[in-house]
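Bear in mind these aren't lab numbers, they're just calculated from the coordinates by the rules spelled out. Fair warning: this is a prediction, and the values are worked out from it, not measured in the lab. Quick reminder, even Gly has a Cβ in these numbers, built from the backbone with ideal geometry, and neighbours come from all protein chains shown.
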Amino acid sequence: MSPFEIFSNHHDQVGESPVWDAEGLCLWWVDIEAQRINKKTLAGQLQSWLLPEKVGCIALTADRRVVAAMETGVALLNLKADGRYDLKSIATISHSKPGMRFNDGRCDPSGRMWIGTMVMDMGKADNAGGFYCLDERGLTGPYVEGLYTPNGLAFSPDGSTMYFSDSHPMAQKIWRCTIDLATGQLSNRQLFVDMKDLPGRPDGAAMDEQGHYWTCGNDAGLVHCFDASGRCIQSLTVPFPKPAMCAFGGVDLQTLFVTSIVPGNKALDTTGQSGQVLATQLPHRGLPEPVFSRFPATSSPDF
């Protein structure tokens with residue numbers, strides 16, 4: 001029996017990028033294909049905002065505005081309760097190939113945002129994607145190249161290590177590297193886990209305060225937990241085949257939220273819960289989600 005309970009019974013097409021808002025006691029996340037940003041408090045109703053492009057990932061600012069990485073750039077959003085919003089572009093990107101967009105992203109502990117790019121048609125098996133960085137210098141990179149579907153960004157509790165993955169069937173690997181938070185320089189990349197040896201493809205991830213790396217096993221209906229040596233120490237079963245990304249939240253940061261994707265083959269959705277956001281209580285405490293604070297020098301954080 002799954003330990004998970006329904007947090008949001010709304011069915012996202014591609015639910016991704018859950019971010020816990022400790023001040024607002026709410027979860028933010030996106031539906032990439034529906035071009036929507038969603039928000040729900042622990043006891044409240046779902047709010048949703050329709051964006052002009054697909055949103056791959058989001059981050060919050062200190063004043064709880066939203067930074068959204070979309071198809072052609074990154075925007076700062078002031079979201080209003082009636083579904084309207086103010087939008088200000090803070091970075092644009094010239095993709096190396098047509099048909100690309102931003103995908104997984106997260107802020108490091110210093111407040112800069114790391115964002116992956118990918119060719120939207122995964123069937124092309126094109127590894128033109130990579131990871132970029134958004135900070136005072138603007139959007140720079142790629143600092144990691146040759147990725148099909150960049151995913152799984154997370155940072156160790158001491159902030160010295162960055163984890164990332166490639167969830168495409170051609171890759172299915174998780175890596176880690178040293179990150180210098182003062183400069184943003186990455187070094188010493190090494191393989192952390194080869195997921196081809198385990199059920200599911202590595203998708204979105206989260207880190208707990210013990211340094212355990214939690215990642216969704218897409219296509220396997222599992223959430224795996226790895227210790228710092230890369231050993232799988234626990235796997236949780238979710239009632240849908242395509243968990244997409246997990247995040248720690250709740251008042252004590254011991255709630256694990258998991259977003260999901262509706263499979264193309266509807267017959268695989270045997271419970272009818274694909275697209276929902278689920279939650280479970282864990283004995284492990286997660287890390288607070290860093291906010292984005294390092295705005296490009298060429299843009300103003302004000303509207």
* Asked: Considering region 148-162 alone, what residues qualify as being more than 17 Å from residue 183 (Cα to Cα) and either assigned to a strand (DSSP E or B) or aliphatic (A, V, I, L, M) (or both)?
  -> 150, 151, 152, 153, 154
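Quick grid of which residues meet (1) within 20 Å of the chain's Cα centre (by Cα); (2) surrounded by fewer than 19 Cβ atoms within 10 Å (Cβ to Cβ); (3) not charged (D, E, K, R):
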site: 170; (1), (2), (3): no, yes, yes
site: 174; (1), (2), (3): yes, no, yes
site: 180; (1), (2), (3): no, yes, no
site: 192; (1), (2), (3): yes, no, yes
site: 214; (1), (2), (3): yes, no, yes
site: 226; (1), (2), (3): yes, no, yes
site: 229; (1), (2), (3): no, yes, yes
site: 238; (1), (2), (3): yes, no, yes
* Check off (1) free of Cβ contacts under 8 Å to residues at least 12 places away in the same chain; (2) within 14 Å of residue 295 (Cβ to Cβ); (3) small (Gly, Ala, Ser) for residue 141 and give me the number that stays unchecked. => (2)
* Does region 21-31 include one or more residues that are β-branched (Val, Ile, Thr), in contact with a Cys (Cβ under 8 Å, 6 or more places away or on another chain) and surrounded by 21 or more Cβ atoms within 10 Å (Cβ to Cβ)? -> yes
* Can we say residue 89 is assigned to a strand (DSSP E or B) and surrounded by fewer than 17 Cβ atoms within 10 Å (Cβ to Cβ)? -> yes
* Asked: Residue check: is residue 145 in a loop (DSSP other than H, G, I, E, B), touching a strand residue (DSSP E or B) at 6+ places or on another chain (Cβ under 9 Å) and not basic (Lys, Arg)?
  -> no
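Within region 245-273, which residues are assigned to a strand (DSSP E or B) and farther than 23 Å from residue 43 by Cα?
Once the filter is applied, which keeps residues that are assigned to a strand (DSSP E or B) and farther than 23 Å from residue 43 by Cα, region 245-273 yields only 261.
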